[in-house]
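Read the figures in this text as sums done on the coordinates, not as results from a lab. All of these numbers come straight from a predicted model, not from anything done at the bench. Quick reminder, even Gly has a Cβ in these numbers, built from the backbone with ideal geometry, and neighbours come from all protein chains shown.
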């Protein structure tokens, strides 16, 4: 009989306490068989040096230098001036990189779930034991279900090695929540229009732009470094910023126009803008004639989407819609309707992003100075390895005929494909989760936990005891980015660059880098041919030498800049160009969407509204934190130790809520936040919604600082509005109400609520 | 609506969310400084005026408390210092712009002087005390007794300086609008004299002395009430931060404490009791005295607390 | 020479990188901050304005803290930078009480502590740490006595204000508005 997987909050049994438990388990070898336990004294030779790295605290991956002090201890991290991601200036999180390294709550040893006296606990084990255990379990899954019934969830650099391992093992179920829970609809919407996605960093030529339109994108609160820097350049140049947001965001406060839109109506505004731009002949005629497909259809399609029509939906006055459309025209083609990043809101997100793409196309900003530049990168060859086996099944089998346009695996899809179902034979049985706290990342926590309960193996590789580790069978402590090599960063930018990450200190505690974990697991799974290098230095040196550089050179310079191959940063100034779409043109009318049975052009559909006494839950970012992963960083914790819920003064008065008062939030499905959250009474939020920063309300006690601070918005996202086109999980359709004392009827741990109440809505239907 | 927030999470201990760097130590120090100044003032005054025998409690008995008060006050001040090992740095320089420096030097002089002064009266109180037969001490005593009037003059000046200093220590802080008023010096001096007079009334066994010091105290209470009115009127006539300072006592956080404990119980009620006493009602001496002294203590504590709330920014 | 800082409130996004950079550079003890960021929101939805200001010791020309100090531990160093010599400080906190900006605090070791304009960096020709990291480059540091310095030109060409001018401290941090 299968034991139910319990969420282990704190219990860890070390060697000593096991003996006290009555010798149930044989005592564990203390010696580290890999001889990896380097001590700090060994680092004297590293005194007062600097080592290149690129930041791992967010996905922007700014290149930096790590400075050590007179004892060889890591002292500070500062930006690398040669890096176009950061131009020598890190954001607060990057500057606080040392805090991630020094966090005393880090995972320190490998652990395996075990049962002692009927209670599930983790016991400390050696790396050899942990890796052997995983290998045995993975082989068992392969025999019983097939290798393709394993999956990897990853967010971070180490995922490349683990992904390589999984593919070598025979599975392509490799998902990052950054797709279906974040930017997926943007990629699909832009691919459908321009035949090219946006990627990261976004190729937005903000610093040269004369008009930037932000729709629900709060640059400055999201600390996407290069974009923040370039928006600052724009402000300095007195360029126009138009911000559409129900909340008076920092960006809104810097804008010439702030459009305080009614939440969930953005698509109506976009369509009205398209209408204005077409019917006033504001669009770039030559550009559209040369590059676009379906203009006539689009013109007909938006005929009735007038500013007056949009006013009734968005509450934005027609003259403001007209004026802002004119501003865009005046700046065209140096105008950016920003594609945003986290765009999984209402389930019709791909269509909304299509409207954004269409607007950019009409204004001729794609491929133009001050619009979207043509990014370039230089790719490094992979270290020689055998071909991957081709699995005959993957997570998509759980969704026959659906999400064909999803370019990457859906983390939520892989999760759903894990929840047992009698209608399909491929149930995923093993997960490796690396650097992503799925509990706080995927919406509908009850569903995530249901999937986890069906697993035969859950391996969590992380630096911190995040919530997901409480569900693991095996926990592997990853060393931080300051203690390891990773693959060369080869991201696309205005010009190609390489950036190196190398250790500035030996890994603290008994932590290891992912490349090593992947290689060791590979060896145990009979896949050593795929890891034919002695160590990562050999691999990196081989890769770099193949393009005329070397590891030694990169260790000195950190960032290597290359010239562009072609002078085509802004490529669409009348030159012939074939887009990677069915028609070879910019598809205002999407033939690809039509083929899949979706609307070829975006249509407005109304979304559910909160009932009386409920407010739409909006969530977002603070510049001091990256999701839930930095909440315990000692330096960033000092800047912001908890989130607060923003409430309009009128609503606060109605509910008699005082500034700083603690409340519990309950959503439309009766789910109540595990922890209370303080009220911030502020004019910066509309009366029909509340706002909180994502990533707080941690329930893991080992996060000694972050535990119980603020509330988790993810907990309240039980209603998911699924994007039928690519499977994005729209999360902005949840409504909350206030409780001034902890309501008694709450389920003790709302993370374990049964999902019977949960509504899965198909986008657009609602 | 105006919302002012420190968004970078600043939580400097004793500065955030509201300043409370100075606590009971300074309040206590200011109180004992004030009452000591008053006691020395009266003692020296009546020595000069040759009224030792009419006012024995004021001249001879009360000064015996002063060294104890001052040493306790210095002890409290020392407790308040956070870098204690560097205490001696106070006496390596004279900084005229710094009331703290002033105070340190004044106390440096007045404390030993008050010990000598008090010591010279010991035998008058306990005639059998003979300084353990140490000749040097007896010689010093003789010199002091002989030169009492000459010592009284600098002592009276120093006492006034000390009394005013207890107010100026606070009023010199431009940054704290509630303190930053020139009335605070005279007010604290008056309060110091009043508490001293009250203590003398309490200590005195002589009817004449009690009566005269009751009258003195009444006069001082009157002056204090006048100065307090003046203080609040002055704030209300000032800029925004000054008006906000007055609001602390006019509906703000310290309204009850101020009006009930300081103005009513610390000034008006004892004044009424003292008037009744003068009109022949039998009022136990300790009652008005204790109220005045308690009012004086609470007043210092309240000014320290409330002053640190008042500020220019957010 | 008069060192000063000009901070463009229109560029600042309030990210607080300046605060972390200072803490790292100056080993500011955990739980303390020598600089901080203030957000002021005025108006009623939807007619609102926000001002964001990175704040720290104003290194005033007429520093009440220097005046309040009984030992001379608080003093003016080169370029008018106001510093504290820990070995002369008795920890009486008079300077903390005297500062209208609440820029000072008692260091856990007992002495009064605050922003030094990173004088150790300035003497090496570098900007203070906060200025050097700011992603928006909203801060400019330099010599106000040099008419050709970036800061002089910036303060001359833009509208600016100082904090609590009515306190009469003549502060040296200018907020460009």
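Tabulated results
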| read-out | value |
| --- | --- |
| Percent RCO, i.e. relative contact order, over segment A:615-762, from Cα pairs under 8 Å lying at least 6 residues apart | 30 |
| Shielding by other protein chains, A:213-222, mean Cβ within 10 Å | 1 |
| With Cα atoms, 0 to 90° folded angle of helix B:184-203 axis to chain B main axis | 40 |
| Estimated distance in nm for a label pair at residue B:97 and residue A:556, the labels positioned 7 Å out from Cα along Cα-to-Cβ | 5.4 |
| Whole-angstrom gap from segment A:623-651 to segment B:128-197, using each part's C-alpha centre | 54 |
| Calculated [θ] (222 nm, deg cm²/dmol) that DSSP helices of n ≥ 4 give over chain C, each run adding -39,500 (n - 2.57) | -4500 deg cm²/dmol |
| Rounded FRET efficiency, nearest 0.05, which uses the C-beta distance separating residue B:182 from residue C:30 and R0 of 30 Å | 0.10 |
| Distance between segment A:45-72 and segment A:688-746 - C-alpha centres, whole angstrom | 35 |
| Highest average packing first - B:243-250, A:637-644, Cβ atoms within 10 Å | A:637-644, B:243-250 |
| Once the Cα gyration tensor of chain B is diagonalised, semi-axes √(5λ) in Å | 37, 26, 15 |
| Average partner coverage of C:59-67, which counts Cβ from other chains inside 10 Å | 2 |
| Helix A:159-169 axis, angle to chain A major axis (alpha carbon atoms, nearest 10°) | 70 |
| Label-to-label distance, nm, for residues given as residue A:299 and residue B:126 (7 Å Cα→Cβ offset) | 11.3 |
| Rounded tilt (10° steps) of A:266-279 against the dominant C-alpha axis of chain A | 40 |
| Zone residues, segment A:619-654, relative to residue A:687, backbone N less than 12 Å from point 7 Å out along Cα-to-Cβ | A:648-654 |
| Simple label model, 7 Å out from Cα along Cβ direction - residue B:68 to residue B:115, nm | 1.7 |
| Burial ranking of peptide ranges A:347-356, B:126-135, B:209-218 (average Cβ count within 10 Å, highest at the top) | A:347-356, B:209-218, B:126-135 |
| Gain upon complete extension [residue A:323, residue A:108; 0.36 nm per residue less C-alpha separation] | 71.6 nm |
| Average beta-carbon neighbours from other chains, 10 Å sphere, peptide A:75-87 | 2 |
| Residue-averaged 222 nm ellipticity for chain A, from DSSP H runs of 4+ at -39500 (n - 2.57), nearest 500 | -7500 deg cm²/dmol |
| Computed helical MRE - 222 nm, chain B, DSSP H runs ≥ 4 contributing -39500 (n - 2.57), nearest 500 | -21000 deg cm²/dmol |
| Segment A:522-593-segment A:94-172 distance, computed between alpha-carbon centres (Å) | 28 |
